[in-house]
Amino acid sequence: MCKLNFIVDNEKCIHCGLCIQDCEAKIIEFNSEKIPHILKENEKHCIKCQHCLAICPNGAISIFNKNPQNSIECSNFPDSNQLLNLIKSRRSIRNYKSENLNQETMEKLKSMLKYPPTGCNDHRLHISIVENIEVMNKIRNRVNNTIKKLFLSKTLNPLTKKFDRFKNSFISGEDLIFRNAPHMIVVSTPIDAPCAPVDPAILLSYFELYAQSLGVGTLWCGYAEICFKLMPEICEILEIPQGYKVGYVMLFGPTDRTYKRSTQPEEYEITTVQADKEISLSTLDKIKRLFWNSLR
Ligand SMILES: Cc1cc2nc3c(=O)[nH]c(=O)nc-3n(C[C@H](O)[C@H](O)[C@H](O)COP(=O)(O)O)c2cc1C
């Protein structure tokens, strides 16, 4: 038994080598009896993806004490047309019922959160969920009142600059930021996470589609993200750990709002790459590319 607890059931192993082929870190090899194993000195390269456990046709491999029998069978997928219709029909919801989601749906949503991928399989994301509308009301009041006070006292601040166009809405008490949503999920990353700028968005994209498949409304909330980044007390209320930064925010909750039909978004420019051009860039053009690529 090794630190990763990479255990192969010799009775079940058919020596197919799929675990070896599929290992991202290339640390699994056959021993002299053609049983897969991992050398002690290579354990540190494991990214904990569990592909070895997942790909084994006979359920012969366990790792990190995960029994393959506790995995779900990879079958029973939604029809691709249904999935595409869900993608096309997903809408930003800005009208919510003033009530909590039922507990069963909330638990379903929480239970999917560990499945979306992260860069380097870094599972250090922090997720703050506001599960109770009364807690959400406290946060919404705190944020909205802070901005209202800034406007009323004519204090120059990045937030009043950002929301200047909506000054009257804030003063009149409209909940422009949180749209009266009863729930919120905030995903934060360690400041040194290898893919910090994208991991929260990936997680929330999966969350959004799953939520909407359950009839739960969602809204990406850039406004809240801006506020939380500028309001350290809210980060404390959200219990975001030290050394973490706010990644992204999504509002969610029960809604009556249904859309009869999909929208018809503009096409993106899609280039089918041919790679048949000779490229010779001037130094200036190289610097421009490097500069653009270095921007956040
Ligand atoms: C990253 C991101 C941030 C957003 N932030 C807000 C926001 O703060 N407030 C808001 O009302 N809508 C926000 N939206 C929703 C967009 O306005 C919306 O996605 C867009 O208008 C298209 O509408 P649809 O989502 O229904 O297709 C955001 C969307 C994304 C993807």
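The values are calculated or read from the model by the stated rules, or taken from the named source; none is laboratory data. Small disclaimer: the values here were computed from a predicted structure and weren't measured. Quick reminder, even Gly has a Cβ in these numbers, built from the backbone with ideal geometry, and neighbours come from all protein chains shown.
Overview of results
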read-out	value
Residues (out of contact with any Phe, Trp or Tyr (no Cβ under 9 Å at 6 or more places or on another chain), within 17 Å of residue 59 (Cβ to Cβ) and outside any strand (DSSP E or B)) located in the range 1-22	9, 10, 11, 12, 13, 14, 16, 18, 19, 22
Residue match in the range 155-173 (condition: in contact with a helix residue (DSSP H, G or I) (Cβ under 8 Å, 6 or more places away or on another chain), under 26 Å from residue 109 (Cβ atoms) and not in a helix (DSSP H, G or I))	no
Any chance residue 186 is within 17 Å of residue 128 (Cβ to Cβ), surrounded by 21 or more Cβ atoms within 10 Å (Cβ to Cβ) and not charged (D, E, K, R)	yes
Residue 138 being over 17 Å from residue 239 (Cα atoms) and away from the ligand (no atom under 16 Å from the Cβ)	no
Qualifying residue in the range 30-42 (condition: closer than 18 Å to residue 120 by Cβ and either surrounded by 13 or more Cβ atoms within 10 Å (Cβ to Cβ) or basic (Lys, Arg) (or both))	yes
Candidate set from the range 14-63 (those that are among the acidic types (Asp, Glu) and out of contact with any strand residue (DSSP E or B) (no Cβ under 9 Å at 6 or more places or on another chain)); member that is farthest from residue 74 (Cα to Cα)	41
Options 226, 202, 171; residue that is out of contact with any Ser or Thr (no Cβ under 8 Å at 6 or more places or on another chain) and buried (at least 16 other Cβ atoms within 10 Å of the Cβ)	226
Members of the range 83-108 found to be surrounded by 11 or more Cβ atoms within 10 Å (Cβ to Cβ), part of a helix (DSSP H, G or I) and over 21 Å from the mean Cα position of the chain (by Cα), listed by number	85
Qualifying residue in the range 275-291 (condition: within 16 Å of the ligand (Cβ to nearest atom) and either at pLDDT below 95 or not aromatic (Phe, Trp, Tyr) (or both))	no
Single match in 219, 281 (criterion: assigned to a loop (DSSP other than H, G, I, E, B) and surrounded by 10 or more Cβ atoms within 10 Å (Cβ to Cβ))	281
Matching option when the condition is on the phi > 0 side of the Ramachandran plot, modelled with pLDDT of 95 or more and away from the ligand (no atom under 16 Å from the Cβ), among 253, 243	243
Qualifying residues in the range 199-221 (those that are among the hydrophobic types (A, V, I, L, M, F, W, C), away from the ligand (no atom under 12 Å from the Cβ) and over 16 Å from residue 83 (Cβ atoms)) - the one farthest from the chain's Cα centre (by Cα)	216
Filter result for residue 260 (away from the ligand (no atom under 11 Å from the Cβ), out of contact with any Lys or Arg (no Cβ under 6 Å at 6 or more places or on another chain), part of a helix (DSSP H, G or I) and farther than 20 Å from residue 135 by Cβ)	no
